[in-house]
Each structure stands twice: as structure tokens, then as C-alpha cells.
């Protein structure tokens, strides 16, 4: 999928202007947007692409050591919002972001913030695996090298092994660390990208449909990995699969046409949604 087109997310499909007006009559977000132990705190976040208002006044906490799933129809704004969390939208010239996003109390929308260390603290795993055209070893070692996280080759070797083990990949690649990362299977490449992300000791892992290009077996492995990683990291995942959201997350946020409609415990969102738009999406009436 073209990244820019996906991020702009301004499609309205068959929704008429009258329907849109009715749907916007909800009184803010339904559910508790706060977390008792937030790692990220987002308030009144807006995103424009030129004159297109893609994200509207979104407020949401992302809790420490939780997986929060962001769901909704195509073009609803979930990927755009996710990319606000490490300023990936800065790469789009037409994008403008307002509001407040704090990571451990630090305002990341401050124009004086260096986005390079920010993107190490809040690492992104993309929809399609994107290993560097380097060896398996160098894919994982690249980040620690540029951020100066190790002082010797032995330390770097240990960090590479630890990261690959955490990504559930070490046993499969330990005898071919010098082989090209692009030569791995799709599921292995995605786990290599996860290992590359966690090698720089992030606080948050952002995942934009990380399993959409994978087969069911690889998807199951990634989902098990997400559950294991939650013990050490905060994870925000965008997914089109409601079944996946139900399996991997503790909280779920439902987006619709740029609005955050409802947020709550995943079990409650899928069994007893409080907003009609959420219910319609969960039950397959649209989306």
C-alpha cells in the first residue's frame, strides 16, 4: 500500500454528508481514555494534510506494559494517529499536527525535539517487513552502533543475540548471521525488524498492521511474540483484524472518520460496545 495515501486517510466511501453529520453527533470519546500508569499521554491531537482534517481532537493514554489495539475501517485515521506517536508524519510535507503527546512526561511535539532518539524510544514496525540490505547481524547491530549503546564487539555481539532471542529468531538464524536479512522468509524478516527495533531499548513499540503480509503460521508466531514483549514494553498496534485485536490486546480503541469513537477493555469492546458506531463495526454492518 502506498504509505502516503494510507496516512492521508480521507476516504469517506459511501458515507453521505447527512450520515457523516449524524455520526459526528457523539459527545466525545466513549469510555475511559486514561490509564492508571501511562507511558504516553495524548491530548487533543489533530492532524491535517493540507486542508484535509484527518484526525480530530483525539485524546488517549497508552499504558505501561499494555498492548492497545487501534481498529476501524480503512481510512479512519488509526495509522495516521499511530505515526504521530514517533513523529513519522513529519516525513509528509503536507502534514500538520497539533495538540500534545507526551512520552514519560516529555512533550514530543516540541519542534526542538530530536526525532532520531525519539524514534529509538518509540520504534516502528511497519506493515511490510523492511530489513536493511545488510546481513542479519548488521540489521540488528545498526541501531546500537549509531546510538553508541555498546563499548566493544563483545557487548555488541551479546546485544544482537539478546535481541534476536527476544524476537524469537535466534535459533533459526544463529548459524547464518552473515546471510542477507532480505533472504529470510516473510515472517522471519518481520521478526528481524522487531529485533532491530528492540535492540535500541525502546520504551514503546508501534506496530502498523505487522501481520497483514504474513501467512497464518507466521502471524501466530508474531502474536505470541507480542504477548511476550508486553512484559517489557508498551505496544500500540494498528490492525484490520478484529480477531487479532481480541487475541493480543488488553485495551482497544475504535476510530471512525478521524474521530476516536470508543476506547475500553478489549473484552468489553468486543462483547458489549457502548457506542452504536462501534457495535456496527464489530458486528460487520459496515467497514
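The values are calculated or read from the model by the stated rules, or taken from the named source; none is laboratory data. Since we're looking at a predicted model, the values are computed, not measured. FYI the Cβ positions are ideal-geometry reconstructions off the backbone, even for glycines, and counts take in every protein chain you see.
Give region 57-100 a look and list any residue that's under 14 Å from residue 204 (Cβ atoms) and in contact with a helix residue (DSSP H, G or I) (Cβ under 6 Å, 6 or more places away or on another chain), or say none.
Residues satisfying the conditions are 67, 70, 83, 86, 87.
Can you tell me which residues in region 36-65 are under 16 Å from residue 230 (Cβ atoms) and in contact (Cβ under 8 Å) with a residue 40 or more places away in the chain?
39, 40, 62, 63, 64, 65, listed by residue number.
Which numbered condition in (1) surrounded by 14 or more Cβ atoms within 10 Å (Cβ to Cβ); (2) within 24 Å of the chain's Cα centre (by Cα); (3) farther than 16 Å from residue 84 by Cα; (4) in contact (Cβ under 8 Å) with a residue 40 or more places away in the chain is the only one that residue 160 fails?
It fails just one condition, (4).
Out of the residues in region 82-93 that are farther than 15 Å from residue 40 by Cβ and free of Cβ contacts under 8 Å to residues at least 60 places away in the same chain, state the one that is surrounded by the fewest Cβ atoms within 10 Å (Cβ to Cβ).
Here the answer is 93.
Given the condition outside any helix (DSSP H, G or I) and surrounded by fewer than 19 Cβ atoms within 10 Å (Cβ to Cβ), answer yes or no: does some residue in region 182-194 qualify?
yes
Scan region 85-126 for residues that are part of a helix (DSSP H, G or I) and touching a strand residue (DSSP E or B) at 6+ places or on another chain (Cβ under 6 Å) and jot them down.
Matches in region 85-126: 89 only.
Please list, ordered by residue number, the strands (runs of 3 or more DSSP E) wholly in region 197-287 having 2 or more residues that are buried (at least 24 other Cβ atoms within 10 Å of the Cβ), over 18 Å from the mean Cα position of the chain (by Cα) and modelled with pLDDT under 95.
Passing ranges: none, list empty.
Only one of 103, 149 is more than 20 Å from the chain's Cα centre (by Cα), under 28 Å from residue 41 (Cα atoms) and touching a residue at least 40 places away in the same chain (Cβ under 8 Å); which?
Matching residue, one of 103, 149: 149.
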